[in-house]
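The values are calculated or read from the model by the stated rules, or taken from the named source; none is laboratory data. For clarity, every value in this text was computed on a predicted model and none was experimentally measured. Please note: Cβ atoms are built from the backbone with ideal geometry, for glycine as well, and neighbour counts cover all protein chains shown. Protein only, heavy atoms only, side chains kept; ligands, DNA and RNA dropped before computing areas. Shrake-Rupley method; radii C 1.70, N 1.55, O 1.52, S 1.80 Å.
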Amino acid sequence: MTDAPSYGFDTLQVHAGARPDPATGARQVPIYQTTAYVFRDAEHAAALFNLQEVGYIYSRLTNPTVAALQERIATLEGGVGGVCCSSGHAAQIMALFPLMQPGRNIVASSRLYGGTVTQFSQTIKRFGWSAKFVDFDDHAAVAAAIDDDTRAVFCEAIANPGGHITDLDAISAISDAAGIPLIVDNTSATPYLCRPIEHGATLVVHSTTKYLTGNGTVTGGCVVDSGKFDWRANDKFPSLSQPEPAYHGLTFAETFGPLAFTFHGIAIGLRDLGMTMNPQAAHYTLMGIETLSLRMDRHVQNAQTIAKWLQDDPRIDDVTYAGLDSSPYAHLVPKICPKGAGALFTIAVKGGYDACVKLVDSLEIFSHVANLGDTRSLVIHSASTTHRQLTADQQKAAGAGPNIVRLSIGIEDARDLIADLDQALTKAVG
Ligand SMILES: *Cc1c(COP(=O)(O)O)cnc(C)c1O
């Protein structure tokens, strides 16, 4: 089908990027399990390598199954192009790579997935990059943290682990004023609940491992480009705005216009970093995305019911769900994620660290795993697991203190989930 913008989300999640297979008529997107593609002739091969013609060369760069998924995610996000990668963490590096150089920094929210905090505070230093972590509720602090070497602002739309909502319009106004892109990790919200590009984001990154696949089968990631950033408006992004020595002097912004970032991601990012998604993973994620809106509606409905029940329970000190009227983020829900505040939140359990560990061990339907966004309900005690590498102060800033348990509410029967939480809280707290 042609991806006319008039199609609704439910139609696009099934059809965008997919056409009946030209060779066989196969209705479902085939898994193109191949490493390489035969060139028509030497001239065709040269045109492909020169990026004068778009086509398939080698599956580290492009693969038809992966391409269908890229187009589907980009369409759902309202972007012009997408590059899929081997994981969400790979997508984050792929998003930063064209923007950064040694000595440059990013300004990142202190409320991020634990692994992202580690990636940004430790690992990227090896590339000569650094991150400044700021409370993104404090807009003046975000603006003040941006300096001449800052090349991006990074946050999550619905932030892990607490489900706090970022005022993307306010943050994108700040990054716009500084002439740098806003990168939004939209993993917890998905494009069904939040469309960051409509709130000014330049790039959207995903861990497709989570809700987009939805069933906990494969890891993957994606970078979506809005196509709206003018890389040539200042001299901060030479890899996109100047002749790129890594691609025999091609100027990506001039040659590819709004698709510059996407082509750079494939032609240089995937070519040289090799963080490629494989076609099997793309297949599983394409299957999952077909039911995204149906699942997200149920995730939200269950999260709403369970968060309310927990809020009224005397064994719980606090519930961070932004879908509760009492949340300081409730006013942002209609603006940022009008279909609901997601299904990820934390609870503060009476009895601290020991009670949390007992709770996690006593749950029967909830699985104790380092994952989120599965059809199954999941639980984790962040302080002893995902946020273990963080200092006590970082844990607190990230909303992952010792008395905090993170819940990822699945699509099971809400009454069963409440009964499970009830029996486990009795064992843990009394
Ligand atoms: C899981 C996750 C990541 C990392 O994704 P992987 O696929 O595990 O590499 C990044 N951001 C958020 C919000 C996540 O939940």
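Here are the numbers for the structure shown:
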read-out: Among (1) in contact (Cβ under 8 Å) with a residue 12 or more places away in the chain; (2) out of contact with any strand residue (DSSP E or B) (no Cβ under 6 Å at 6 or more places or on another chain), the one test that Lys125 misses; value: (1)
read-out: Within the stretch 289-314, considering residues that are basic (Lys, Arg) and in contact (Cβ under 8 Å) with a residue 24 or more places away in the chain, the one nearest to Thr346 (Cα to Cα); value: Arg298
read-out: Residues satisfying the stated conditions in the stretch 131-162, i.e. of a type in the set (S, T, N, Q) and either farther than 23 Å from Asn403 by Cα or more than 16 Å from the ligand (Cβ to nearest atom) (or both); value: Thr150
read-out: Failed item in (1) within 28 Å of Gln280 (Cβ to Cβ); (2) open to solvent by less than 40 Å² (accessible area, probe 1.4 Å), with Gly128 passing the rest; value: (1)
read-out: Hits in the stretch 10-43 (condition: touching an Asp or Glu at 6+ places or on another chain (Cβ under 7 Å) and closer than 30 Å to Glu254 by Cα); value: Ala16, Gly17
read-out: Spans of strands (runs of 3 or more DSSP E) in the stretch 177-243 with at least 3 residues under 16 Å from Gly265 (Cα atoms), within 16 Å of the ligand (Cβ to nearest atom) and open to solvent by less than 10 Å² (accessible area, probe 1.4 Å); value: 203-207, 221-225
read-out: Long-range neighbours under 8 Å by Cβ, at least six apart or interchain, first residue at positive phi within the stretch 153-171, second of a type outside the set (Val, Ile, Thr) and within 13 Å of the ligand (Cβ to nearest atom); value: Gly163/Ser188; Gly163/Gly342; Gly163/Leu344
read-out: Odd one out for Leu69 among (1) within 16 Å of the ligand (Cβ to nearest atom); (2) modelled with pLDDT of 95 or more; (3) not in a helix (DSSP H, G or I); value: (3)
read-out: Of all residues in the stretch 91-114 being in contact with a helix residue (DSSP H, G or I) (Cβ under 6 Å, 6 or more places away or on another chain) and touching a residue at least 60 places away in the same chain (Cβ under 8 Å), the one that is nearest to the ligand (Cβ to nearest atom); value: Met94
read-out: Given (1) closer than 18 Å to Asp422 by Cβ; (2) among the hydroxyl-bearing types (Ser, Thr, Tyr); (3) in contact with a helix residue (DSSP H, G or I) (Cβ under 9 Å, 6 or more places away or on another chain), index of the condition Ser367 fails; value: (3)
read-out: Ala140 assigned to a helix (DSSP H, G or I) and open to solvent by 30 Å² or more (accessible area, probe 1.4 Å); value: yes
read-out: Leading residue by the ranking (most open to solvent (accessible area, probe 1.4 Å)) among those in the stretch 247-269 that are aliphatic (A, V, I, L, M) and closer than 22 Å to Asn63 by Cα; value: Leu259
read-out: Qualifying residue in the stretch 228-240 (condition: more than 27 Å from Leu112 (Cβ to Cβ) and touching a strand residue (DSSP E or B) at 6+ places or on another chain (Cβ under 9 Å)); value: yes
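Residue-by-condition table, conditions (1) closer than 24 Å to Ala246 by Cβ; (2) in the same structural domain as Gly220 (by TED's automatic domain parsing); (3) buried (at least 22 other Cβ atoms within 10 Å of the Cβ); (4) not aliphatic (A, V, I, L, M):
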{"residue": "Pro64", "(1), (2), (3), (4)": "no, yes, no, yes"}
{"residue": "Arg72", "(1), (2), (3), (4)": "no, yes, yes, yes"}
{"residue": "Cys84", "(1), (2), (3), (4)": "yes, yes, yes, yes"}
{"residue": "Gln92", "(1), (2), (3), (4)": "yes, yes, yes, yes"}
{"residue": "Asn105", "(1), (2), (3), (4)": "yes, no, no, yes"}
{"residue": "Ser109", "(1), (2), (3), (4)": "no, no, yes, yes"}
{"residue": "Thr116", "(1), (2), (3), (4)": "no, no, yes, yes"}
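Table: residues versus (1) open to solvent by 60 Å² or more (accessible area, probe 1.4 Å); (2) modelled with pLDDT of 95 or more; (3) closer than 24 Å to Asp413 by Cβ; (4) assigned by TED's automatic domain parsing to the domain that holds Glu77.
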| position | (1), (2), (3), (4) |
| --- | --- |
| Ala281 | no, yes, no, yes |
| Met296 | no, yes, yes, no |
| Trp309 | yes, yes, yes, no |
| Leu324 | no, yes, yes, no |
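This table checks each residue for (1) in contact with a Leu (Cβ under 8 Å, 6 or more places away or on another chain); (2) of a type in the set (Lys, Arg); (3) at negative phi.
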position: His331; (1), (2), (3): no, no, yes
position: Lys335; (1), (2), (3): no, yes, yes
position: Ala355; (1), (2), (3): no, no, yes
position: Val379; (1), (2), (3): yes, no, yes
position: Thr386; (1), (2), (3): no, no, yes
position: Ile418; (1), (2), (3): no, no, yes
